[in-house]
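J.: Here you go, one structure.
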Amino acid sequence: MSDAAQPTAAEVRAAADAVKTALDRHLQAVERRTGDDDPAVYDAFNALAAAAEVYDELLYDRYDEVTPFEIPAAEDSLPPYAGPEEPHAVSVLIRRDYAVAEPARLLAQARRLADLDPDGQDGDDVTAAGAGVHAALGVVFGEYEADEIASRHKEFGLEEGDSTLWVSAADELPEPGEWLGAPFDEADPALVVCRFDVSSVFDEEDELEADPDGAVPGRS
(Lines give C-alpha, C1' and ligand atoms only; values in the text may rest on other atoms or scores of the structure.)
Protein backbone atom coordinates (compact mmCIF):
# COMPACT_ATOMS: atom_id res chain seq x y z
CA MET A 1 0.00 0.00 0.00
CA SER A 2 1.31 3.47 -0.88
CA ASP A 3 1.86 6.17 1.73
CA ALA A 4 -0.97 8.24 0.19
CA ALA A 5 -3.47 5.42 0.76
CA GLN A 6 -2.47 4.76 4.37
CA PRO A 7 -4.83 5.88 7.13
CA THR A 8 -3.66 8.69 9.34
CA ALA A 9 -2.75 8.26 12.98
CA ALA A 10 -5.87 10.26 13.85
CA GLU A 11 -8.07 7.84 11.92
CA VAL A 12 -6.55 4.89 13.78
CA ARG A 13 -7.10 6.68 17.10
CA ALA A 14 -10.74 7.43 16.15
CA ALA A 15 -11.28 3.76 15.28
CA ALA A 16 -9.82 2.73 18.65
CA ASP A 17 -12.19 5.13 20.41
CA ALA A 18 -15.09 3.63 18.46
CA VAL A 19 -14.12 0.17 19.74
CA LYS A 20 -14.09 1.47 23.32
CA THR A 21 -17.55 2.99 22.86
CA ALA A 22 -18.89 -0.21 21.30
CA LEU A 23 -17.35 -2.26 24.10
CA ASP A 24 -19.09 -0.12 26.74
CA ARG A 25 -22.37 -0.40 24.87
CA HIS A 26 -22.04 -4.18 24.64
CA LEU A 27 -21.33 -4.50 28.37
CA GLN A 28 -24.30 -2.29 29.22
CA ALA A 29 -26.56 -4.40 26.98
CA VAL A 30 -25.34 -7.61 28.63
CA GLU A 31 -25.88 -6.17 32.11
CA ARG A 32 -29.44 -5.12 31.21
CA ARG A 33 -30.43 -8.09 29.06
CA THR A 34 -33.92 -9.48 29.49
CA GLY A 35 -33.15 -13.04 28.33
CA ASP A 36 -30.73 -15.29 26.47
CA ASP A 37 -31.82 -13.92 23.07
CA ASP A 38 -32.10 -10.22 23.92
CA PRO A 39 -31.96 -8.29 20.60
CA ALA A 40 -30.14 -5.39 22.28
CA VAL A 41 -27.25 -7.72 23.13
CA TYR A 42 -27.21 -9.06 19.58
CA ASP A 43 -27.15 -5.55 18.10
CA ALA A 44 -24.39 -4.46 20.48
CA PHE A 45 -22.37 -7.56 19.59
CA ASN A 46 -22.61 -6.78 15.88
CA ALA A 47 -21.63 -3.16 16.48
CA LEU A 48 -18.62 -4.26 18.52
CA ALA A 49 -17.60 -6.76 15.83
CA ALA A 50 -17.84 -4.11 13.11
CA ALA A 51 -15.89 -1.53 15.11
CA ALA A 52 -13.19 -4.06 15.98
CA GLU A 53 -12.84 -5.08 12.33
CA VAL A 54 -12.39 -1.46 11.20
CA TYR A 55 -9.82 -0.79 13.92
CA ASP A 56 -7.92 -3.98 13.13
CA GLU A 57 -7.69 -3.07 9.43
CA LEU A 58 -6.59 0.52 10.05
CA LEU A 59 -4.08 -0.57 12.67
CA TYR A 60 -2.52 -3.02 10.23
CA ASP A 61 -2.51 -0.57 7.32
CA ARG A 62 -0.91 2.20 9.37
CA TYR A 63 1.43 0.32 11.73
CA ASP A 64 1.61 -3.23 10.36
CA GLU A 65 0.20 -4.50 13.68
CA VAL A 66 -2.82 -6.63 14.56
CA THR A 67 -5.11 -7.01 17.55
CA PRO A 68 -4.97 -10.13 19.75
CA PHE A 69 -8.66 -10.92 19.31
CA GLU A 70 -10.86 -12.00 16.45
CA ILE A 71 -14.66 -11.83 16.32
CA PRO A 72 -16.12 -14.22 13.72
CA ALA A 73 -18.20 -12.49 11.08
CA ALA A 74 -21.72 -13.65 10.24
CA GLU A 75 -20.72 -14.40 6.65
CA ASP A 76 -18.44 -17.16 7.94
CA SER A 77 -21.47 -19.33 8.67
CA LEU A 78 -24.44 -17.85 6.81
CA PRO A 79 -25.16 -16.55 3.30
CA PRO A 80 -26.25 -12.92 2.89
CA TYR A 81 -29.65 -12.26 4.43
CA ALA A 82 -32.40 -12.38 1.80
CA GLY A 83 -35.50 -12.19 3.99
CA PRO A 84 -38.02 -9.41 4.54
CA GLU A 85 -36.70 -6.11 5.90
CA GLU A 86 -39.55 -5.95 8.42
CA PRO A 87 -40.39 -9.56 9.39
CA HIS A 88 -43.93 -10.09 10.62
CA ALA A 89 -43.20 -13.59 11.91
CA VAL A 90 -40.21 -15.65 13.02
CA SER A 91 -39.45 -19.34 13.31
CA VAL A 92 -37.05 -20.48 16.03
CA LEU A 93 -35.21 -23.65 14.97
CA ILE A 94 -33.28 -25.45 17.71
CA ARG A 95 -31.07 -28.50 17.55
CA ARG A 96 -29.32 -29.96 20.60
CA ASP A 97 -27.28 -33.16 20.50
CA TYR A 98 -26.76 -35.42 23.51
CA ALA A 99 -24.79 -38.59 24.12
CA VAL A 100 -26.44 -41.15 26.40
CA ALA A 101 -23.44 -41.23 28.73
CA GLU A 102 -25.10 -43.03 31.65
CA PRO A 103 -27.96 -45.28 30.49
CA ALA A 104 -28.56 -46.55 34.02
CA ARG A 105 -29.17 -43.01 35.29
CA LEU A 106 -31.53 -42.30 32.38
CA LEU A 107 -33.49 -45.51 33.07
CA ALA A 108 -33.69 -44.73 36.78
CA GLN A 109 -35.15 -41.28 36.08
CA ALA A 110 -37.67 -42.75 33.64
CA ARG A 111 -38.74 -45.44 36.13
CA ARG A 112 -39.19 -42.78 38.80
CA LEU A 113 -41.48 -40.82 36.49
CA ALA A 114 -43.35 -44.01 35.61
CA ASP A 115 -43.92 -44.72 39.29
CA LEU A 116 -45.34 -41.24 39.76
CA ASP A 117 -47.70 -41.73 36.80
CA PRO A 118 -48.48 -45.46 36.63
CA ASP A 119 -51.33 -44.88 34.15
CA GLY A 120 -49.02 -43.41 31.52
CA GLN A 121 -48.55 -45.62 28.45
CA ASP A 122 -44.84 -44.83 28.14
CA GLY A 123 -44.42 -45.53 31.82
CA ASP A 124 -45.71 -49.06 31.28
CA ASP A 125 -43.04 -49.54 28.61
CA VAL A 126 -40.29 -48.46 31.00
CA THR A 127 -41.37 -50.65 33.91
CA ALA A 128 -41.76 -53.70 31.67
CA ALA A 129 -39.00 -56.30 31.69
CA GLY A 130 -36.16 -55.49 29.30
CA ALA A 131 -37.16 -51.87 28.81
CA GLY A 132 -34.29 -49.86 27.35
CA VAL A 133 -33.03 -46.43 26.43
CA HIS A 134 -35.59 -45.91 23.65
CA ALA A 135 -38.56 -46.05 26.03
CA ALA A 136 -36.73 -44.09 28.73
CA LEU A 137 -36.01 -41.23 26.33
CA GLY A 138 -39.69 -41.07 25.40
CA VAL A 139 -40.67 -40.79 29.07
CA VAL A 140 -38.08 -38.15 30.00
CA PHE A 141 -38.56 -35.93 26.95
CA GLY A 142 -42.32 -36.33 27.24
CA GLU A 143 -42.29 -35.09 30.82
CA TYR A 144 -39.81 -32.21 30.69
CA GLU A 145 -39.48 -29.17 28.46
CA ALA A 146 -36.43 -29.20 26.19
CA ASP A 147 -34.91 -26.18 27.98
CA GLU A 148 -35.20 -27.91 31.34
CA ILE A 149 -33.49 -31.02 30.01
CA ALA A 150 -30.73 -28.79 28.62
CA SER A 151 -30.12 -27.26 32.05
CA ARG A 152 -30.38 -30.59 33.91
CA HIS A 153 -28.95 -33.00 31.33
CA LYS A 154 -26.46 -34.59 33.73
CA GLU A 155 -29.33 -35.67 35.99
CA PHE A 156 -30.69 -37.72 33.12
CA GLY A 157 -27.38 -39.36 32.23
CA LEU A 158 -26.91 -37.21 29.13
CA GLU A 159 -23.78 -35.48 27.88
CA GLU A 160 -24.03 -32.33 25.79
CA GLY A 161 -22.88 -32.26 22.19
CA ASP A 162 -23.19 -29.43 19.68
CA SER A 163 -26.22 -27.16 19.69
CA THR A 164 -27.54 -24.38 17.50
CA LEU A 165 -30.44 -21.93 17.50
CA TRP A 166 -31.63 -20.20 14.33
CA VAL A 167 -34.06 -17.26 14.29
CA SER A 168 -35.57 -17.28 10.82
CA ALA A 169 -37.70 -14.44 9.43
CA ALA A 170 -40.96 -14.73 7.52
CA ASP A 171 -43.61 -12.42 6.09
CA GLU A 172 -46.39 -14.28 7.89
CA LEU A 173 -47.03 -17.34 10.02
CA PRO A 174 -47.66 -20.60 8.15
CA GLU A 175 -51.13 -22.11 8.30
CA PRO A 176 -51.72 -24.28 11.40
CA GLY A 177 -50.35 -27.77 10.83
CA GLU A 178 -48.77 -26.80 7.50
CA TRP A 179 -45.22 -27.90 8.29
CA LEU A 180 -45.74 -30.47 11.05
CA GLY A 181 -45.11 -33.39 8.70
CA ALA A 182 -41.62 -32.12 7.81
CA PRO A 183 -40.71 -29.35 10.28
CA PHE A 184 -37.09 -28.82 9.21
CA ASP A 185 -37.30 -29.18 5.43
CA GLU A 186 -37.80 -25.45 4.82
CA ALA A 187 -34.94 -24.16 6.98
CA ASP A 188 -33.41 -21.57 4.64
CA PRO A 189 -30.07 -20.10 5.82
CA ALA A 190 -30.73 -16.99 3.73
CA LEU A 191 -33.72 -16.16 5.94
CA VAL A 192 -31.83 -16.45 9.23
CA VAL A 193 -31.79 -13.19 11.17
CA CYS A 194 -29.33 -14.49 13.75
CA ARG A 195 -27.95 -17.78 15.00
CA PHE A 196 -26.20 -18.97 18.14
CA ASP A 197 -23.89 -22.01 18.04
CA VAL A 198 -22.30 -23.97 20.88
CA SER A 199 -19.62 -26.56 20.17
CA SER A 200 -16.60 -28.01 21.90
CA VAL A 201 -14.69 -27.44 18.66
CA PHE A 202 -14.60 -23.72 19.51
CA ASP A 203 -12.87 -24.51 22.80
CA GLU A 204 -10.40 -26.77 21.01
CA GLU A 205 -9.60 -24.02 18.49
CA ASP A 206 -8.98 -21.56 21.32
CA GLU A 207 -6.64 -24.03 23.02
CA LEU A 208 -4.67 -24.63 19.83
CA GLU A 209 -4.35 -20.90 19.22
CA ALA A 210 -3.05 -20.50 22.77
CA ASP A 211 -0.49 -23.26 22.20
CA PRO A 212 0.29 -24.22 18.57
CA ASP A 213 1.76 -27.54 19.76
CA GLY A 214 -1.63 -28.53 21.14
CA ALA A 215 -0.67 -28.40 24.81
CA VAL A 216 -3.07 -26.67 27.16
CA PRO A 217 -1.31 -24.17 29.45
CA GLY A 218 -1.24 -25.33 33.07
CA ARG A 219 -1.73 -29.02 32.21
CA SER A 220 0.79 -31.77 31.71
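J.: Test of understanding: among Gly161, Gly123, Gly138, which residue is surrounded by 14 or more Cβ atoms within 10 Å (Cβ to Cβ), modelled with pLDDT of 90 or more and in contact with an Asp or Glu (Cβ under 6 Å, 6 or more places away or on another chain)?
T.: Matching residue, one of Gly161, Gly123, Gly138: Gly138.
J.: What's the total number of residues in the range 71-83 that are surrounded by 14 or more Cβ atoms within 10 Å (Cβ to Cβ) and either assigned to a loop (DSSP other than H, G, I, E, B) or at pLDDT 90 or above (or both)?
T.: The total comes to 4.
J.: Now, a different point. Among the numbered criteria (1) within 28 Å of Ser91 (Cα to Cα); (2) under 27 Å from the mean Cα position of the chain (by Cα); (3) modelled with pLDDT of 90 or more, which single criterion is violated by Ala187?
T.: Unmet condition: (3).
J.: Same structure, new question: Filter the range 26-70 for residues that are open to solvent by less than 60 Å² (accessible area, probe 1.4 Å) and not in a helix (DSSP H, G or I) and give the result.
T.: Once the filter is applied, which keeps residues that are open to solvent by less than 60 Å² (accessible area, probe 1.4 Å) and not in a helix (DSSP H, G or I), the range 26-70 yields Gly35, Asp38, Thr67.
The values are calculated or read from the model by the stated rules, or taken from the named source; none is laboratory data. Keep in mind that what you see is a predicted model, and the values were worked out from it rather than measured. Reconstructed Cβ throughout: ideal geometry from the backbone, glycine too, with neighbour counts over all protein chains shown. These accessible areas exclude ligands, DNA and RNA; they are computed on the full protein's heavy atoms, side chains included. Shrake-Rupley method; radii C 1.70, N 1.55, O 1.52, S 1.80 Å.
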